[in-house]
Amino acid sequence: MYTDDPLDEVLKPPPVGLRTPPDESPDDRAIRLRNEAEAETVSLAIDASIKAERHARRKKRIVRLLLLGQSESGKSTTLRQFQRLYTPTAFREERILWRAVIQLNIVRSIHTILDALTFPSTSPHTSPYSSPRSSARTASRPPLPNHPPLLSSQYEQYNGKENDTTLTLGSSDGDSEPDFVHPHQHPHRSPRSNSSIALAPPTPLKARLLPLQHIEALLIAKLVPPNEDATHFARAGTGTSAGPSSSSSASSSGAGSGPYGTNHSYRNQEIFVRPGPGWKGGLARARVNYPGSGYGNESDDGVEQNNGSGNGARPTSAGNTGLETQDEPQEVLNICSRDMIALWHDEGVRDVLRRRKIRLEEGPGFFLDDLERLTSLNYMPTDEDVLKARLKTVGVSEYKFEMEATAGWHSGTEWRIVDVGGSRSQVSTWVPFFDDVDAIIFLAPISGFDQVLSEDRKVNRLEDSVLLWKAVCSNQLLANVNLVLFLNKCDILEKKLKSGIQVSKYIRSYRDRENDLDNVSKYLRSKFSAIHREYSPNPRRFYAFCTSMTDTATTAGIIASVRDMVIRQQLKQSKLL
Ligand SMILES: Nc1nc2c(ncn2[C@@H]2O[C@H](COP(=O)(O)OP(=O)(O)OP(=O)(O)O)[C@@H](O)[C@H]2O)c(=O)[nH]1
Ligand SMILES: [Mg+2]
């Protein structure tokens, strides 16, 4: 139980019988000795059970995979890809539960448009979906990000190394210019980007879309568990740790009247759920009561766990019809369908969004191009819809599963995938999960090179990913863990590059290289690889993939490679032990 650690030696209790208090009567001594003997027995039993559990784990082959990366990097989407590929029955059964999330994503997109039309753009970035390129503020380099505890030491180290404010991704020929150009500083902003636009949507249309407000409140109430503090949504911009409040903006003063009121500021806040089956359980119970289904279970340590193996008492019909109960949000969306489609396709509206630099199609949970299909009364989410849906994670959850035989690969290995919340306030919650990890998939959404973090608009997203990657690579607890890098959102990156956005304007060291997906992804891959080499405490192999996690066709092969690599490494290690 004790190690060579000198601290252990000091803390170690004296052996039984040597702890005699002064003036102890013979009776007291007998009681004390009995208690000490009992405590010793309990301690030995605990040691034995820990040993046995370790032994069983090794025998059973449990693979623990940790998903890390900044918020919106695609961690939960990667988890859903694993579920889709290896527990397809369970995944299919749960698709219906995602309908509420998709409905909410649609309603929020429509409200973002209505807000953009209604409120003049005097304060930039009032929408979580707006592109930071719209900002005309600030001329000087913003301060480098303050990182949460996980990062602080590496960050300071890096800070000392690079001399204050210079973050260099590549060689910049010794000049002291920071490599990342903050999007707010971008010299090529549209001259009209700060113009004040007050183009109210036509009143009859706005009136006809009014029921969406009620639907939004209904869906939030459905998704957010009753014990969750609803005032989260009114507390915009307070920067507290456990909620969407960290995404602040100039207009998010905290004075909003919450999701059920009329103030639009709450819409800057993302709806979040604690991961695991909590919210799904609530929806499932609202639909059909499944005794013993295991939904909503919480393990002893408070970490919600979801057995995705598809067994238990859940009826196999679940998720296949979606017609078990009335669905008021779907009915309202169906009634508003024509108006929503008209709004989204209106040239004047598109123009306002362009001028306000609101690029909904690049943001998370974008479904406006599929409104016809998604608003039909018997709409059932497809696999792709579930992967595209956006629901922010707060907290940490472990998803346990054994690959279903129907997934074509059955080894008896139990997989445990840990999904974490990625926003800055959440990073400190990751560390306890570094123990006993077989591999980490780190997601760096490289399409974010021209964006800022939604929780801190002073920080370039790619810059933040690079810092986070440095911190993970250099972390001593992870020194022997295999790191797999997913350079994610390559589909969005490709669209941006094709639309003419120049990487070199945001990453100085990119210089005059070709501005296409192949060259940009190779460049970034080599930079992440160099950091991996330089910062890893021990040498280890670098695994990296360019990914589009919402794409079912390309992702299957990548996930299979990761699966094989992890299993191979685990076998190798168990042979070494
Ligand atoms: N187009 C595109 N969208 C993606 C990709 N990967 C993820 N997304 C979308 O990006 C959004 C955010 O992804 P999530 O998986 O929720 O991100 P996360 O890392 O779990 O974020 P937090 O829970 O806030 O930590 C979702 O709407 C996803 O569908 C990708 O490669 N391409
Ligand atoms: Mg998530």
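Descriptive notes on the structure:
- Selected residue (criterion: farthest from ligand 1 (Cβ to nearest atom)) from residues of the range 371-396 that are part of a loop (DSSP other than H, G, I, E, B) and under 19 Å from Thr550 (Cα atoms): Met380
- In summary, Trp415 fulfils each of the numbered conditions (1) under 17 Å from the mean Cα position of the chain (by Cα); (2) away from ligand 2 (no atom under 15 Å from the Cβ); (3) under 28 Å from Glu402 (Cα atoms); (4) aromatic (Phe, Trp, Tyr) with the single exception of condition (1).
Yes/no matrix, rows are residues, columns are (1) within 16 Å of ligand 2 (Cβ to nearest atom); (2) surrounded by 16 or more Cβ atoms within 10 Å (Cβ to Cβ); (3) in contact (Cβ under 8 Å) with a residue 24 or more places away in the chain:
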site: His345; (1), (2), (3): no, no, no
site: Leu353; (1), (2), (3): no, yes, yes
site: Arg356; (1), (2), (3): no, yes, yes
site: Gly363; (1), (2), (3): yes, yes, yes
site: Val386; (1), (2), (3): yes, yes, yes
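- Out of Arg95, Arg64, sole residue that is in a helix (DSSP H, G or I), modelled with pLDDT of 90 or more and charged (D, E, K, R): Arg95
- Residues (outside any helix (DSSP H, G or I) and modelled with pLDDT of 95 or more) located in the range 482-498: Leu483, Val484, Leu485, Phe486, Leu487, Asn488, Lys489
- Test result for Asn519, at pLDDT 95 or above and either farther than 30 Å from Tyr86 by Cα or among the basic types (Lys, Arg) (or both): yes
- Considering Arg355, Arg338, Arg424, the condition of being of a type in the set (D, E, K, R), more than 21 Å from Asp491 (Cβ to Cβ) and within 11 Å of ligand 1 (Cβ to nearest atom) is satisfied by Arg424 alone.
Okay, residues lined up against (1) over 20 Å from Glu94 (Cβ atoms); (2) surrounded by fewer than 21 Cβ atoms within 10 Å (Cβ to Cβ):
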| position | (1), (2) |
| --- | --- |
| Asp369 | yes, yes |
| Glu372 | yes, yes |
| Lys392 | no, no |
| Lys400 | no, yes |
| Val420 | yes, no |
| Gln426 | yes, no |
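- Across the range 567-577, the qualifying residues are those that are of a type in the set (S, T, N, Q) and exposed (fewer than 15 other Cβ atoms within 10 Å of the Cβ), and the one among them that is nearest to ligand 1 (Cβ to nearest atom) is Gln573.
- Selection over the range 52-93 of residues that are more than 30 Å from Leu453 (Cα to Cα) and within 16 Å of ligand 1 (Cβ to nearest atom) gives a count of 2.
- Residues that are more than 16 Å from ligand 2 (Cβ to nearest atom), in a loop (DSSP other than H, G, I, E, B), basic (Lys, Arg) and crowded, with 16+ Cβ neighbours inside 10 Å do not occur anywhere in the range 548-566.
- Any hit, the range 32-51, residues being more than 16 Å from ligand 1 (Cβ to nearest atom), at pLDDT 90 or above and under 36 Å from the mean Cα position of the chain (by Cα): no
- Residue in the range 16-28 that is modelled with pLDDT of 75 or more, out of contact with any Gly (no Cβ under 7 Å at 6 or more places or on another chain), hydroxyl-bearing (Ser, Thr, Tyr) and surrounded by 11 or more Cβ atoms within 10 Å (Cβ to Cβ) present: no
- Residue-level analysis places Val427 outside the set of residues that are modelled with pLDDT of 95 or more, more than 28 Å from Lys60 (Cα to Cα) and in a helix (DSSP H, G or I).
The values are calculated or read from the model by the stated rules, or taken from the named source; none is laboratory data. For clarity, every value in this text was computed on a predicted model and none was experimentally measured. A quick note on method: Cβ atoms are made from the backbone with ideal geometry, for glycine too, and the neighbour counts reach across all protein chains shown.
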